[in-house]
Structure formats: structure tokens, C-alpha cells
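What follows is a short report on a single structure.
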Amino acid sequence: TNIEWADSTVNFWWGCQKVSPACAHCYAEALDARFHGPEPGLGKGRHAPHWGPFSPRLLRVEAARQEAFRLQRKAKKEGRRLRVFTNSMADFFEDRRDLDEARYIALGTMFETPDLTWMVLTKRPEQIRKLLVHIYSAEGVDRLSPFGIWLGKCLGGTPPANIWLGTTCENQEWADKRVPELLKVPAAVRFLSVEPMLGPVNLNAGPVWRGKTRLNYLDWIIA
């Protein structure tokens, strides 16, 4: 990847729905239209077939797992951790039932690749805990298996070291909405993406949390 803060990207699916001004010129939507849209000249030209509330998402779970295992072997061989930007072409915490199984398998993959640092960036931090609880309580999930115990610890306040959670805040309005939601979720590292920066963002603004400003509980800011 050419993303300077990641070693690689792994996408368990493509597609999303726009939720805020930062989505207006989405690079992932443009790439989806380029690679998966209809041929030019059909209808009104190319469009992003996996974007919007009613469009199907393009699942590529098995391919993503194989990519992850290759990166895990590379990390072990080189003796260093590799940073993986998770679902750069989607939002991992988009609340859709047709993504539940893919999300479950993706989390299992993260569990199986401890030498990879999975950076999960979302514009929906308010959905993180809800969707993790949904997976943990789903029928057929073995909560006594190593993965089930691992996921239970995540929800119980012991986050895995290899999963970092982040959210996008493009201006003060969305920082005020999203940062408090991110702080509610246990994470080894919490980070923000202030990209695109559509206005000034003061991370010390707003009410304090646990007696400190928000900035005290954020580990990393990308701008």
C-alpha cells in the first residue's frame, strides 16, 4: 500500500454507505466504480455498484484470510509486527446483517494472526460494542473456545494488543459526536483520522471524560 501509516491493507468486503461530509469524495467508492462498475456507455456510465443502503457488498472473505496468513508468515520471518489497515474499501462496523458472518470470520482471522496489528478505522464508533456483542451472543458461537474466550475478554475490558480502534473526525461537529463513542470501547490503541480535514478540530474541547480531556485518552492522530 502507498498509505504511509500502514504496511498493507486487507479487505474482507468492499462497499459502504455515506454517513457524513468526509464521505463526499470517497476514494473507495471511486475505485469500486472503476473496477466493478458497468462498462462505459451503459446507462449513465460507470457507477459504484457496492455503495449505498440498498446495494450488495462485495464479499471476499477467503481471499482476505489468505492475504492475512501470508502477512502473518512475513511478520514472523522478518521478526517485526506489520500494520494492516482493515477494510480500507469499506467500514468494518457498518450495521448490516449480511455482513455479520464476514465480520465474525474477520475477527477470527485477527485472533489467528497475533503478529499483525489490525488498524480498524470506522465512521461508526457507536456501533462497535453493539456489533461485537451481537457476534458474541449469536447462535452457534462457541463461547468456551479460545476465540470465544478472546472475544469475551474484548467485551469485558481486556482488549487484544493487536487490534487498534480508530474513528474519522473531519471537523469539530463529528469529533464531538464520534470521539466520545470511541472512548467508550476498550482498545489497546485508540486513534483518530482527521482526514479529510474539513475544518478546525480541538480535541480538548467539550466536556471532560473521567476527569480528563479527551486528548488524554487518544494514542495517535493522523492528519
- Task: With springs only between Cα atoms under 10 Å apart, run a GNM on the chain and tell me which of Asp32, Asp98, Asp115 wobbles the most.
- Result: Asp98
- In the chain, which longest range has no GluC sites (Glu not before Pro) that are both DSSP loop (not H, G, I, E or B) and surrounded by at most 14 other Cβ atoms within 10 Å? 5-138
- Remind me, relative contact order of the chain in percent, using alpha carbon pairs under 8 angstrom and six or more residues apart? 17
- Query: Longest exposed-loop-site-free stretch of the chain, with chymotrypsin sites (Phe, Trp or Tyr not before Pro), DSSP loop and at most 13 other Cβ within 10 Å?
  - Reply: 55-223
- Task: For segment 95-127, run through the trypsin sites (Lys or Arg not before Pro) and keep only the ones in DSSP coil with at most 11 other Cβ atoms within 10 Å of their Cβ.
- Result: none
- Long pairs among Lys123/Lys177; Lys76/Lys123; Lys18/Lys123; Lys18/Lys184; Lys130/Lys184; Lys153/Lys184, criterion Cα-Cα beyond 20 Å: Lys76/Lys123; Lys18/Lys184
- Message: So if I place +1 on the C-beta of Lys and Arg and -1 on the C-beta of Asp and Glu, and nothing else carries charge, what would the dipole magnitude of the chain be about its Cα centre? I want it in debye, nearest 20.
- Response: 420
- Message: Just checking my list (i) 57, 43, 39; (ii) 74, 43, 25; (iii) 44, 43, 38 against Cα extents along the principal axes in Å computed from this structure; which label fits?
- Response: (i)
- Helical contribution to [θ] at 222 nm, DSSP H n ≥ 4, -39,500 (n - 2.57), averaged over the chain, rounded to 500: -10000 deg cm²/dmol
- Over the chain, with every protein chain in place, what whole percent of the accessible area is carbon and sulfur at 1.4 Å, could you tell me? 55
- Return a whole-number percent for the relative contact order of segment 115-188, with Cα pairs under 8 Å and 6 or more residues apart as the contact set. 43
- Task: Restricting to the chain, compute how many DSSP beta bridges are antiparallel as a %, nearest 5.
- Result: 10
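The values are calculated or read from the model by the stated rules, or taken from the named source; none is laboratory data. Computed from a prediction, not measured in an experiment: that's the story for all the values here. Cβ: placed from backbone, ideal geometry, glycine included. Neighbour counts: every protein chain shown. Heads up: the accessible areas ignore ligands, DNA and RNA and are worked out on the full protein's heavy atoms, side chains in. Shrake-Rupley method; radii C 1.70, N 1.55, O 1.52, S 1.80 Å.
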